[in-house]
Every structure is written in structure tokens, then in C-alpha cells.
């Protein structure tokens, strides 16, 4: 199942701006084009949920609680970490410029989990 129903509901409820909706769509497209990986509720719901929440926090100017450094260090030990970090850097450069460092760490962690499933 794709994310369109969830994203449409968030957008209609005003929880996801039109601009952020497009950014999420661009992230989904990035994985399709770069990794030939279709993001679905089954394989990427945590990542997309976190991304939508992060974009909402940024819009509202809310602070981001940092990822526990110990957890991030464990993430670095995973075999998917180098690809996850590269993907995060590309996504930030091309789609989400200005994404706070704390959010980047969360995104990298989620991408690592996603890539471990492939």
C-alpha cells in the first residue's frame, strides 16, 4: 500500500503543507529512482511518519529532541550506515535543505533500517 491516502489526509487536515507534501513525495521518488525501491506502509511507515512530523516541527519552529547519541553510535555500526548516510546527504542537498542536524540523524537511522530490508 502506498502513502498517498495518509499524506492526503495529513494535507487536508493542515498537518502537512502543500510544500512539505511535495517534499515527502520527492523523498519517496528518490528511493524509487536511486534504489529501485518502492516505499510502502510495510517497509517505510516509520520513516515517512517521522519525516512528516519533522517537517511539521520545522514549520512550527519547534525544537527537535536530539537522537540519543548512544543509539546513533549503534546505528553507525550497521552495514547499511554508509549508504544511509549518503542517501541522507543527497536528500538534504536536493530535497530538504536546511534540515536540522538532529533530524538528519533520525533520518539516517530510518534510512538504514529501510535499506537493511532490501
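What follows is calculated from the coordinates using simple rules that are stated; it is not laboratory data. Only a predicted model underlies this, so the values are computations on that prediction, with no experimental measurement involved. Please note: Cβ atoms are built from the backbone with ideal geometry, for glycine as well, and neighbour counts cover all protein chains shown.
State the label only: which of [x] 18.7; [y] 6.9; [z] 8.9 corresponds to mean projected area of the Cα convex hull in nm² computed from the shown model?
Comparing each candidate, only [y] matches the computed number.
Compute the distance in nm between two label points, each set 7 Å from the Cα along the Cα-to-Cβ direction, one at residue 73 and one at residue 36.
If labels sit at residue 73 and residue 36, their model points lie 3.9 nm apart.
Please check: in the Gaussian network model of the chain (C-alpha springs, under 10 Å), which one of 24, 92, 64 has the largest mean-square fluctuation.
Largest GNM mean-square fluctuation: 64.
Can you grab the distance from the C-alpha centre of region 1-20 to the C-alpha centre of region 63-100, Å, no decimals?
23 Å
Extending each Cα 7 Å along its Cβ direction at residue 93 and residue 118, get the distance between those two points in nm, one decimal.
Roughly 1.7 nm, to one decimal.
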